[in-house]
Amino acid sequence: QVQLVESGGGLVQAGGSLRLSCAASGRTFSNYAMGWFRQAPGKEREFAAAISWSGSSTSYADSVKGRFTISRGNAKGAVYLQMNSLKPEDTGVYYCAADPKFTTRVTAYGYWGQGTQVTVSS
């Protein structure tokens, strides 16, 4: 059984920071690209950031570029999302996902976590 578990969400004021973590278990994800996606209330799930299996390549949505940083941890399958200068529009449920492809397409990811809530107040 594949498990992706996110943590680190919470309530912060605009301009604040949060660090999301994703732990993978049940399958080897060392050769998988990892991504972070988010879904605002009433909106479709959208791409936020992705990282290749080696960690050498990253991709960011324009809306988060320069503020968010995705990285892989020392533990295989672990991925983090450092979110700085948070804005109210960053509010939503953030999901960790894994797929063999390095892609920004939400529909391409086959494995998903349960999500963690991020709320940014103004």
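The values are calculated or read from the model by the stated rules, or taken from the named source; none is laboratory data. Everything numeric here is computed off the predicted structure, so don't read it as measured data. Please note: Cβ atoms are built from the backbone with ideal geometry, for glycine as well, and neighbour counts cover all protein chains shown. Keep in mind that these areas ignore ligands, DNA and RNA; they rest on the heavy atoms of the full protein, side chains included. Shrake-Rupley method; radii C 1.70, N 1.55, O 1.52, S 1.80 Å.
If the chain linking VAL5 and SER54 were pulled fully straight, counting 0.36 nm for each residue of separation and taking away their Cα-Cα distance, it would gain 15.6 nm.
Here the Kirkwood formula, the inverse mean of 1/r across different C-alpha pairs, assigns the chain a hydrodynamic radius of 14.0 Å. Restricting the calculation to Cα atoms, every distinct pair contributes to the Kirkwood radius of region 73-122, found to be 12.7 Å. When you work out D = kT/(6 pi eta Rh) for region 41-106 at 25 °C and 0.890 mPa s, using the Kirkwood radius from C-alpha pairs as Rh and the Stokes-Einstein form, the result is 192 µm²/s.
The calculated Kirkwood hydrodynamic radius for region 1-60 is 13.4 Å, given to one decimal from all distinct C-alpha pairs.
Structural descriptor for region 4-86: relative contact order 33 percent, calculated from alpha carbon pairs under 8 angstrom and at least 6 residues apart.
Only protein atoms count toward the accessible area here, which uses a 1.4 Å probe; on the chain, the carbon and sulfur part of that area reaches 45 percent.
Other residues within the sphere of radius under 11 Å centred on the Cβ of ASP90, judged by their own Cβ, net out at +2 (K and R +1, D and E -1).
Whose amide H sits under 5 Å from the amide H of THR91, counting only residues 5 or more places off or on another chain, with H placed in the peptide plane? Residues meeting the criterion, in which the H sits 1.01 Å from N, are VAL120.
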